[in-house]
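J.: Shown below is the structure under consideration.
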Amino acid sequence: MPALEKLVVTGGNKLVGEVTISGAKNAAVAVIPAAILVEGVCRIENIPAIKDVAIIIEMLEQLGAIVQYIDKNTVEIDCTKIHTYTAPYEMVIRMRASYYLVGALLGRFNRAKVAFPGGCDFGVRPIDQHIKGFEALGVKVQMKHGIIHAAADTLKATQVYMDVVSVGATINLILAAVKAKGTTIIENAAKEPHVVDLANFLNAMGANVKGAGTDVIKIRGVERLTGGTYSIIPDQIEAGTFMIAAAAAGGDVLIKNVIPKHLESVTAKLVEMKANVEEYDDAIRVSRTGKLVKANVKTIPYPGFPTDLQPLAAVLLCMAEGTSTITEGVWDSRFQYVDELKRMGAKIKVEGRMAVIEGVERLSGAPVKAVDLRGGAAMVIAGLVGEGITEIRDLSHIDRGYEYFEEKLAGIGADIRRI
Ligand code: EPZ
């Protein structure tokens, strides 16, 4: 039974060879619901074959979309026949990104009825900025019995200043505004690569979104979007995971199909810690032979060091000489994985949004669990550098976001198997 599956990792191997990065999860889970706005067939390539993508595709099918897999990484979606703007609890509870259904259904029908979404638990995960954006477009938003009710006669272009930099709110507002009359301006927008990817997808389908990747995005409403073909960008976080794995375990790994620009904050931190990083056009090579040295990591929105690599960075800092710190600058509570890492001998003290990490000679293998997606990936990397055997349980978190994780790691020399 899948729930009883575990990953068994024997630590100590160096990582050597080549690995190819998949399409970006957080771009795919925005681009796929964006197909709701399109009249005609969208062919979306380079989607990662992971659980979160399967779930969001299933949601679209339940809403009435016709979906055809061309191969495991290419899908054709036709949302012409979507007949409802209601997404019930059972449909959306399985993932956070289901809140993109609100923006997409609003953009299509001027109304949406979507249950409050699920997702990784990082403390409070408010959606006030999403609601602020929708209301500015003239939408009446009400929360009743755990359901978001959003409705407008027409969507009117607007200017909104986001009080916090939010990936989700920026994407949701773009989705809702893409067919609104006039030009909507989002100030203090998120600049993450997946925001840019969504804008590029919409533009490829006939939208007029400018400035994505900067903190001011301008969306000039268009009458309609028509079908086309689009290829999802490589996954920044998966690439960063393999960069950190190579630096932590030592060895020499060429990470292919990446956009090095998206990884500048990670590259800089690895170089500071004395790993070697070489950038190519669409690949990054990470190697290490000497000792890692301590560093301080602060996570902030893009182009800063990504919060989604914070648990992975913690494993790396465990291997570094000296005392390092991590300051979590995005989420209130993202250190749940630390207790698991401590079972493996990590010396970490957490106080509020800060972790102080004392380097250790080696971690030691132990039974642990994946507490969330990136926390789970961190346990796997900890297993690779630990002495002896680490068994990781609760793999459903990891399977949500990493395509062929253990196969890719085994391909570069890790001793890892799923049983
Ligand atoms: C996205 O979540 C990602 N998920 C997360 O990755 C990632 O950790 C996060 O962005 C930050 O980069 C997807 O793209 C599906 P936010 P999102 O809105 O959009 C506060 C992973 O591991 N906030 O940018 O939900 C919020 O509390 C996942 O792949 C408000 O205050 O994050 C947080 O402190 C986990 N009000 C900060 O903003 C709001 O209305 C950033 O959240 C919205 C957010």
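J.: Which condition number does Asp78 fail, the rest of (1) crowded, with 23+ Cβ neighbours inside 10 Å; (2) over 30 Å from Gly240 (Cβ atoms) being met?
T.: Asp78 satisfies all of (1) crowded, with 23+ Cβ neighbours inside 10 Å; (2) over 30 Å from Gly240 (Cβ atoms) except (1).
J.: Which count do you get for residues in region 231-250 that are under 15 Å from Lys14 (Cβ atoms) and small (Gly, Ala, Ser)?
T.: Total meeting the criteria: 6.
J.: Against the definition (open to solvent by less than 10 Å² (accessible area, probe 1.4 Å), modelled with pLDDT of 95 or more and in contact with a strand residue (DSSP E or B) (Cβ under 9 Å, 6 or more places away or on another chain)), how does Ala249 come out, yes or no? Let's see the steps before the verdict.
T.: Working: open to solvent by less than 10 Å² (accessible area, probe 1.4 Å): no; modelled with pLDDT of 95 or more: yes; in contact with a strand residue (DSSP E or B) (Cβ under 9 Å, 6 or more places away or on another chain): yes.
Taking the combined requirement at face value, the residue does not satisfy it.
J.: For region 271-307, give me each residue that is aromatic (Phe, Trp, Tyr) and either open to solvent by less than 80 Å² (accessible area, probe 1.4 Å) or within 21 Å of Lys14 (Cα to Cα) (or both).
T.: Tyr302, Phe305
J.: Related question: For region 38-74, give me the residue count where each residue is open to solvent by 50 Å² or more (accessible area, probe 1.4 Å) and not aliphatic (A, V, I, L, M). So that I can check it myself, show each step before the final result.
T.: Here is the first cut: in region 38-74, the residues open to solvent by 50 Å² or more (accessible area, probe 1.4 Å) are 39, 41, 43, 45, 51, 58, 61-62, 66, 68-72.
Right, trim to not aliphatic (A, V, I, L, M) and you get 39, 43, 45, 51, 58, 61-62, 68-69, 71-72.
Number of matching residues: 11.
J.: Within region 122-132, does at least one residue satisfy the condition of being more than 23 Å from Gly64 (Cα to Cα) and buried (at least 24 other Cβ atoms within 10 Å of the Cβ)? Reasoning before the result, please.
T.: Step one: of region 122-132, the residues more than 23 Å from Gly64 (Cα to Cα) are 122-132.
Those still in the list that are buried (at least 24 other Cβ atoms within 10 Å of the Cβ) too: 130.
Yes; the residues of region 122-132 include at least one that is more than 23 Å from Gly64 (Cα to Cα) and buried (at least 24 other Cβ atoms within 10 Å of the Cβ).
J.: Right, something else. I'd like to check something: does region 1-11 contain any residue that is within 15 Å of the ligand (Cβ to nearest atom) and either farther than 22 Å from Val141 by Cβ or of a type outside the set (S, T, N, Q) (or both)? Write out each step before concluding.
T.: Restricting attention to region 1-11, the residues satisfying the condition of being within 15 Å of the ligand (Cβ to nearest atom) are none.
Scanning region 1-11 turns up no residue that is within 15 Å of the ligand (Cβ to nearest atom) and either farther than 22 Å from Val141 by Cβ or of a type outside the set (S, T, N, Q) (or both).
J.: Can you pull out every residue in region 181-192 that is small (Gly, Ala, Ser) and either outside the structural domain of Asp215 (by TED's automatic domain parsing) or over 20 Å from Ile32 (Cα atoms) (or both)?
T.: Step one: list which residues in region 181-192 are small (Gly, Ala, Ser), which gives 182, 189-190.
Selection gives Gly182, Ala189.
Residues checked against (1) within 18 Å of Ile50 (Cα to Cα); (2) out of contact with any Asp or Glu (no Cβ under 9 Å at 6 or more places or on another chain); (3) at pLDDT below 95:
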position	(1), (2), (3)
Val338	no, yes, no
Lys342	no, yes, no
Lys347	no, no, no
Gly365	no, no, no
Gly388	no, yes, no
Tyr402	yes, no, no
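J.: A follow-up question, please. Taking region 327-386 as the search range and keeping residues that are open to solvent by 60 Å² or more (accessible area, probe 1.4 Å) and under 19 Å from the mean Cα position of the chain (by Cα), which one is nearest to Val315 (Cα to Cα)?
T.: Applying the filter and picking the extreme gives Gln336.
J.: Can you tell me how many residues in region 317-326 are surrounded by 18 or more Cβ atoms within 10 Å (Cβ to Cβ) and either outside the structural domain of Ala249 (by TED's automatic domain parsing) or within 17 Å of Gly304 (Cα to Cα) (or both)?
T.: If we filter region 317-326 for residues that are surrounded by 18 or more Cβ atoms within 10 Å (Cβ to Cβ), which is where we start, we get 317-320, 324, 326.
Checking which are either outside the structural domain of Ala249 (by TED's automatic domain parsing) or within 17 Å of Gly304 (Cα to Cα) (or both) leaves us with 326.
Qualifying residue count for the region: 1.
J.: Here is a further query. Could you list, ordered by first residue, the pairs with Cβ atoms under 7 Å in which the first is in region 144-171 and basic (Lys, Arg) and the second is open to solvent by 50 Å² or more (accessible area, probe 1.4 Å), at least 6 apart or interchain?
T.: Lys156/Lys181
J.: Okay, moving on. Quick one: how many residues across region 78-113 are touching a Gly at 6+ places or on another chain (Cβ under 9 Å) and either of a type in the set (S, T, N, Q) or without any contact (Cβ under 8 Å) to a residue 40 or more places away in the chain (or both)?
T.: First pass over region 78-113, keeping only residues touching a Gly at 6+ places or on another chain (Cβ under 9 Å): 78-84, 89, 92-100, 103, 112.
Those still in the list that are either of a type in the set (S, T, N, Q) or without any contact (Cβ under 8 Å) to a residue 40 or more places away in the chain (or both) too: 80-81, 83-84, 92-94, 98, 112.
Matching residues across region 78-113 total 9.
J.: Which of the residues that make up region 175-198 are assigned to a helix (DSSP H, G or I) and in contact with a strand residue (DSSP E or B) (Cβ under 6 Å, 6 or more places away or on another chain)? Can you show your working first?
T.: Initially, region 175-198 is screened for residues assigned to a helix (DSSP H, G or I), giving 175-177, 193-198.
Answer for region 175-198, where residues must be assigned to a helix (DSSP H, G or I) and in contact with a strand residue (DSSP E or B) (Cβ under 6 Å, 6 or more places away or on another chain): Ala177, Val195, Val196.
The values are calculated or read from the model by the stated rules, or taken from the named source; none is laboratory data. Computed from a prediction, not measured in an experiment: that's the story for all the values here. Cβ coordinates were reconstructed from backbone atoms using ideal geometry, including for glycine residues, and neighbour counts include every protein chain displayed. Heavy atoms of the whole protein, side chains included, go into the accessibility calculation; ligands, DNA and RNA do not. Shrake-Rupley method; radii C 1.70, N 1.55, O 1.52, S 1.80 Å.
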